[in-house]
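The values are calculated or read from the model by the stated rules, or taken from the named source; none is laboratory data. In this text the structure is predicted, and so the values were computed from the model without any measurement. Quick reminder, even Gly has a Cβ in these numbers, built from the backbone with ideal geometry, and neighbours come from all protein chains shown. Note: areas computed on protein heavy atoms with side chains; ligands, DNA, RNA excluded. Shrake-Rupley method; radii C 1.70, N 1.55, O 1.52, S 1.80 Å.
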Amino acid sequence: MERKPLIIGIDGGGTKTAGRLTDGDKVILAEHHGGSSNMQVIGASACADIFQEVVTMLCDKAQCELQDVKSIAVGLAGAGRASDRTSVYNDLKKKLNLPNTKITIVSDADIALEAAYGEDPGIIIIAGTGSIVYGRNIHGEISRMGGWGPVLGDPGSGSDIGLKALQKLGQIFDGRAQKSELLARFSESFGIDSPESLINKVYSEKIKPSTLTRPVFEAAMNKDENALDVLNQAAAGLADMVQHFLADFSKMQKVPITLKGGMLESDTIYRRILMQHIKNLPYPASVIPFSREAIDGAVDLALRMTAPSQNKNIIFRND
């Protein structure tokens, strides 16, 4: 009797790397977590080391041989460019030395889209530290918008919210906005209570804007006008990206949109504000829950790579 193929899906994130080994029916045989594997933070070689460790540990736990694994699909954070993914692919292929195993390196947005929609059309909005809008239209074409990073701009992300909050504090100190609970919460949490302390935090201590969202959310829950203005501006920027993105979906009667990422997965006031902005867009969009994990998308992609028609070792689906 022919053995079912073993496949591995990996979700390589900025905080941790999750790996899952399954058989051809997606029965979970082993799971393992490794360290951070953000391509832009640790580099290609270090990412490949972590993935090699995850693959090895999965096989050890399942008591199978590495050669039994027919396909490996990796969703990699910080790997929006083909050149980055190629570097990781080449390093991982060399380290594993499995010539008969298909290896696929895609972005983390790819496996999230895969988990949400499979091969069907749909859009996923990811907003965590950064933000990106990613989707597949009715013609099967994949496109992206955003993902430029905190310097060039990630509308609606944690970095964007934090930066807008710091700018709002500057307006308060200038007298262009009224003092409010937002200032009190930043004073309590970060010691920002004067123009001097704001400048020191930003330019001397180089505080990361993405770490500043909590006091904004807390003040907004109490209907603080400054905090609500910050969240509305951030949500409007993200919704503007979505509106431009939806032009490729104009022939669909109802466009499914899934929200993902630390800023959007919980039922926060910011999520509700963004959903209202999406509702007001001139397109028939519908927000649906993200009911699976990104690693499910990696497993699905790895399984698809075992099909006879998939004769490539690597897929770059968002170039």
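When you look at D108, is it touching a residue at least 40 places away in the same chain (Cβ under 8 Å), within 17 Å of the chain's Cα centre (by Cα) and open to solvent by 40 Å² or more (accessible area, probe 1.4 Å), yes or no? Steps first, please.
Details: touching a residue at least 40 places away in the same chain (Cβ under 8 Å): yes; within 17 Å of the chain's Cα centre (by Cα): yes; open to solvent by 40 Å² or more (accessible area, probe 1.4 Å): yes.
So D108 passes the test.
Let me confirm something: among Q178, Q171, Q167, which residue is under 24 Å from G130 (Cα atoms) and of a type outside the set (F, W, Y)?
Within the list Q178, Q171, Q167, the selection yields Q167.
Please specify each residue of segment 120-143 satisfying the condition of being within 19 Å of G14 (Cα to Cα) and open to solvent by 10 Å² or more (accessible area, probe 1.4 Å).
Across segment 120-143, the qualifying residues are I126, G128, T129, G130, I132.
Within segment 201-259, how many residues are open to solvent by 40 Å² or more (accessible area, probe 1.4 Å), part of a helix (DSSP H, G or I) and farther than 21 Å from S157 by Cβ?
5
Kindly check whether there is at least one residue in segment 62-76 that is of a type in the set (K, R) and at pLDDT below 90.
No, segment 62-76 has no match at all.
What pairs can you find where one residue is in segment 299-316 and within 18 Å of D25 (Cβ to Cβ) and among the polar types (S, T, N, Q), the other is open to solvent by 50 Å² or more (accessible area, probe 1.4 Å) and modelled with pLDDT under 50, and their Cβ atoms are less than 6 Å apart, with a gap of 6+ or different chains?
none
Restricting attention to segment 167-177, does a residue exist that is polar (S, T, N, Q), under 27 Å from the mean Cα position of the chain (by Cα) and assigned to a helix (DSSP H, G or I)? Lay out the reasoning, then the answer.
Of the residues in segment 167-177, the ones polar (S, T, N, Q) are 167, 171.
Within this subset, residues satisfying the condition of being under 27 Å from the mean Cα position of the chain (by Cα) are 167.
With the extra rule that they be assigned to a helix (DSSP H, G or I), the set shrinks to 167.
Yes - at least one qualifying residue is present in segment 167-177.
Q178: open to solvent by 20 Å² or more (accessible area, probe 1.4 Å), within 30 Å of L281 (Cα to Cα) and not hydrophobic (A, V, I, L, M, F, W, C), yes or no?
Details: open to solvent by 20 Å² or more (accessible area, probe 1.4 Å): yes; within 30 Å of L281 (Cα to Cα): no; not hydrophobic (A, V, I, L, M, F, W, C): yes.
Answer is no for this residue.
Please specify each residue of segment 59-90 satisfying the condition of being surrounded by fewer than 16 Cβ atoms within 10 Å (Cβ to Cβ) and assigned to a loop (DSSP other than H, G, I, E, B).
Q63, E65, R81
List the pairs whose first member sits in segment 196-221 and is hydroxyl-bearing (S, T, Y), whose second member is surrounded by fewer than 17 Cβ atoms within 10 Å (Cβ to Cβ) and in a loop (DSSP other than H, G, I, E, B), and whose Cβ atoms are under 8 Å apart, counting only residues at least 6 apart or on separate chains?
Qualifying pairs under 8 Å: S197/G191.
Anything in segment 102-143 that is in a strand (DSSP E or B) and farther than 19 Å from D240 by Cβ? List them, or say none.
Taking segment 102-143 as the starting set, the residues that turn out to be in a strand (DSSP E or B) are 102-107, 122-127, 131-136, 142-143.
Within segment 102-143, K102, I103, T104, I105, V106, S107, G122, R136, I142 meet the criteria.
For segment 144-159, which residues satisfy the criterion of being open to solvent by 40 Å² or more (accessible area, probe 1.4 Å) and either part of a strand (DSSP E or B) or basic (K, R) (or both)?
Matches in segment 144-159: R144, M145.
When you look at D193, is it surrounded by 15 or more Cβ atoms within 10 Å (Cβ to Cβ), acidic (D, E) and more than 23 Å from the chain's Cα centre (by Cα), yes or no?
Working: surrounded by 15 or more Cβ atoms within 10 Å (Cβ to Cβ): yes; acidic (D, E): yes; more than 23 Å from the chain's Cα centre (by Cα): yes.
Answer is yes for this residue.
Looking only at segment 262-276, how many residues end up being open to solvent by 10 Å² or more (accessible area, probe 1.4 Å) and within 15 Å of V287 (Cβ to Cβ)? I'd like the intermediate steps shown before the answer.
Initial filter on segment 262-276 (open to solvent by 10 Å² or more (accessible area, probe 1.4 Å)): 262-263, 265-269, 271-273, 275-276.
Still in the list and also within 15 Å of V287 (Cβ to Cβ): 263, 265-268, 271-273, 275-276.
The qualifying residues number 10.
Residue under question is S189, and the condition is that it be over 25 Å from V242 (Cβ atoms), at pLDDT 95 or above, hydroxyl-bearing (S, T, Y) and touching an Asp or Glu at 6+ places or on another chain (Cβ under 6 Å); does it hold?
Working: over 25 Å from V242 (Cβ atoms): yes; at pLDDT 95 or above: yes; hydroxyl-bearing (S, T, Y): yes; touching an Asp or Glu at 6+ places or on another chain (Cβ under 6 Å): no.
It is false that S189 is over 25 Å from V242 (Cβ atoms), at pLDDT 95 or above, hydroxyl-bearing (S, T, Y) and touching an Asp or Glu at 6+ places or on another chain (Cβ under 6 Å).
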